[in-house]
Amino acid sequence: MTSSTAANKSHEIVIIGGGIIGCSTAYYLSRHPSFSSQSTSSPITIKLIEASKQGPAQGASGKAGGLIAKWAYPKELVNISFAEHVKLAEEHNGKDRWGWRFVDCGSWEGKGVLSQESGTGVGKEGNRKSLEKTLGLNGDHEELEKPLDLAKRRRKGLPDDLLWVDEESTYSYSPMAPKGHTAQVHPYLFTTSMMSLAQEKGVEFISGRVTNVLQDHTSGKITGVTYLESNPDSGAPKEVTISATDVIIAAGAWCPSIDIVSSLPISATRAHSVTVRPQPSVTISPYVLFTEISLSGANVSPEIYARPDNEVYACGPGDDSALPDNVDDVLVDQKACESIYKHISSISPQLSNGTVEKRQACFLPIVSTGGGPIVGAASHIAKGLYIATGHTCWGICNAPGTAKIISELVFDGKIRSGNLKNLHPSRFE
Ligand SMILES: Cc1cc2nc3c(=O)[nH]c(=O)nc-3n(C[C@H](O)[C@H](O)[C@H](O)COP(=O)(O)OP(=O)(O)OC[C@H]3O[C@@H](n4cnc5c(N)ncnc54)[C@H](O)[C@@H]3O)c2cc1C
């Protein structure tokens, strides 16, 4: 027990949003000493409400790359988060449970070469294989069979085990960080694991879309939350109001759609990604590549992530498509996915011979005025209100630090793990 006053206080905690920030917050709250040693006279409840009918991690948190880096930003969150990721992986067997591992990460520059198939639309609609010819008949096969000239590869900076990019396409490769400074998780598995581990300690998962956060205007305190219960059977959503003393808004790009924080400067950028399954005979070594590919007179920069189960994930640039009301209604532009696959295939015969398994899109929460994410107590809006959003491209990396800090604010009334004053919600007052 860290604080006897915290232990004696009852809390009805509601988290809005079942992405990585909300689910990790549920986990850290459920592991806080005040929660585990609560007394029957001062009970503590934790509920997480998620708008998707399909469960947690249906937004950016389930569709991100999953890079965890000591060189990410903002430093004040990374410094807590990286060490927490290591700890979580050790404690819960993250290696098997959510694909935790250290990876090499590098910047790759070169030119792409379009095969005839990719030029005419590799990765078209549906789940068909990217290339339907057998390997034996495929021109790219010759490329795979070429004897390796390691000396030539080394001159371009290519590591000896990075064999899944074409040497002839490569201008240069350079590592972006020292070994041990970059790791990865499978973001969907990490997020859903955080939720299950929180549920094991008594956190309740509710499927519904929050429409209102209630506040007593005399005391300024949070009093409850209203949500539309997802009811797939009847089709007619039911409005439910529950009481709350503490509300944590972790609704990602959707935060401004919640009235009480509608003025938050959060904007949404849509980004597409694909996952590719190479041929079973191909081993994809653990690298994450930030590419700069010159292709047909243009430059494209997909990010490519090898994953432990030999899956490869790649994402492309963002666009300004409008944010739908619900995460389940995010539209996927098949052409954007097709382009990503075409681009990564143009530098890797191993990927061009693979099968595209997922074509997906999601919305990144961005602080439109710049600066880091918004993390902290928003007592200038309501007592008992906390905000955790705007993590841009580093939300997977920075979720544990964010969640730990929110759990300290709720139960201890102050941040014990670091100094986050630059991220405080009151900077937008
Ligand atoms: C292509 C791409 C690649 C990325 N790669 C990386 C990476 O390698 N490393 C990294 O650190 N980060 C990465 N990111 C960033 C990361 O994905 C995000 O920062 C992070 O997922 C944001 O998490 P979140 O929980 O805030 O938001 P979300 O994952 O969007 O979750 C918010 C949840 O809130 C729910 N919600 C919204 N409104 C309501 C409501 N009214 N009631 C109830 N629920 C509601 C939504 O349904 C959603 O499930 C990437 C992002 C993209 C787009």
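The values are calculated or read from the model by the stated rules, or taken from the named source; none is laboratory data. All values derive from a computational prediction rather than experimental measurement. Note that we place each Cβ from the backbone using ideal geometry, even for glycine, and neighbour counts take in every protein chain shown. Remember, those area values only see protein heavy atoms, side chains included, never the ligands or the DNA or RNA. Shrake-Rupley method; radii C 1.70, N 1.55, O 1.52, S 1.80 Å.
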**Prompt:** Where the centroid of each part is defined by its Cα atoms, how far is the stretch 318-392 from the stretch 83-103 in Å?
**Reply:** 23
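Mind checking the full-extension length gain between Asp161 and Tyr73? Use 0.36 nm per residue of separation minus the Cα-Cα distance, one decimal, nm.
Values: separation 88, 0.36 × 88 = 31.68 nm, distance 2.90 nm.
Gain in length upon complete extension: 28.8 nm.
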**Entries in Lys53/Lys335; Lys87/Lys179; Lys9/Lys404; Lys75/Lys221; Lys63/Lys335 that, when Cα-Cα distance is taken, lie over 29 Å** = Lys75/Lys221
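How many Å² of accessible area per residue for the chain, probe 1.4 Å? Each step should come with its number before you reach the end.
Values: 18270 Å² over 429 residues.
Counting only protein heavy atoms, the per-residue value for the chain is 43 Å².
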**Complete:** In nm, the gap between the two label points placed 7 Å beyond Cα toward Cβ at His380 and Glu204 is 3.4
**Prompt:** Taking the alpha-carbon centroid of each part, what is the distance from the stretch 159-236 to the stretch 40-79 in angstrom?
**Reply:** 4
**Message:** In the stretch 325-350, whose amide N lies under 19 Å from the spot 7 Å out along Cα-to-Cβ of Ala298? List them in ranges.
**Reply:** 332-348
**Request:** Could you calculate the FRET efficiency of Lys238 with Gln334 from 1/(1 + (r/R0)^6), where r is the beta carbon distance between them and R0 is 51 Å, rounded to 0.05?
**Result:** 0.90
**Prompt:** In whole Hz, what ³J(HN,Hα) sequence does the stretch 85-92 give by Karplus (6.51, -1.76, 1.60; θ = phi - 60°), x for Gly and Pro?
**Reply:** 4, 4, 5, 4, 5, 5, 6, 10
**Fill in**
In the chain the accessible area split gives carbon plus sulfur, as whole percent at 1.4 Å, a share of 50
**Message:** Using a 7 Å offset from the Cα along the Cα-to-Cβ direction at both Thr226 and Asp325, what is the distance between the two label points in nm, to one decimal?
**Reply:** 1.5
**Request:** Have a look at Gly180, Gly297, Gly112 and tell me which one the Gaussian network model of the chain (Cα, springs below 10 Å) gives the largest fluctuation.
**Result:** Gly297
**Request:** Please give every one of the aspartates and glutamates within straight-line cross-link reach of Lys156, meaning a C-alpha to C-alpha distance under 12 Å, and leave out same-chain neighbours fewer than 8 residues apart.
**Result:** Glu109, Asp166, Glu167, Glu168
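Starting from the Cα gyration tensor of the stretch 185-269, take the square roots of the eigenvalues, sort them a ≥ b ≥ c, and report rounded, prolate or oblate (rounded when a/c is under 1.5, otherwise prolate if a/b is larger than b/c, else oblate).
Values: a/c = 1.44, a/b = 1.27, b/c = 1.14.
Because its axes are fairly even, with a/c under 1.5, the stretch 185-269 counts as rounded.
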**Item:** the chain, relative contact order in percent, only Cα pairs under 8 angstrom and at least six apart counted
**Value:** 26
**Prompt:** Got a sec? What order do Val300, Val312 fall in by accessible area at 1.4 Å, biggest, i.e. largest, first?
**Reply:** Val300, Val312
**Complete:** Each label sits 7 Å from Cα toward the beta-carbon; between Lys9 and Lys87 the label points are separated, in nm, by 2.1
**Request:** Specify whether the C-alpha gyration tensor of the stretch 326-368 places it in the rounded, prolate or oblate class, a ≥ b ≥ c being the square roots of the eigenvalues: rounded for a/c under 1.5, otherwise prolate if a/b is larger than b/c and oblate if not.
**Result:** prolate
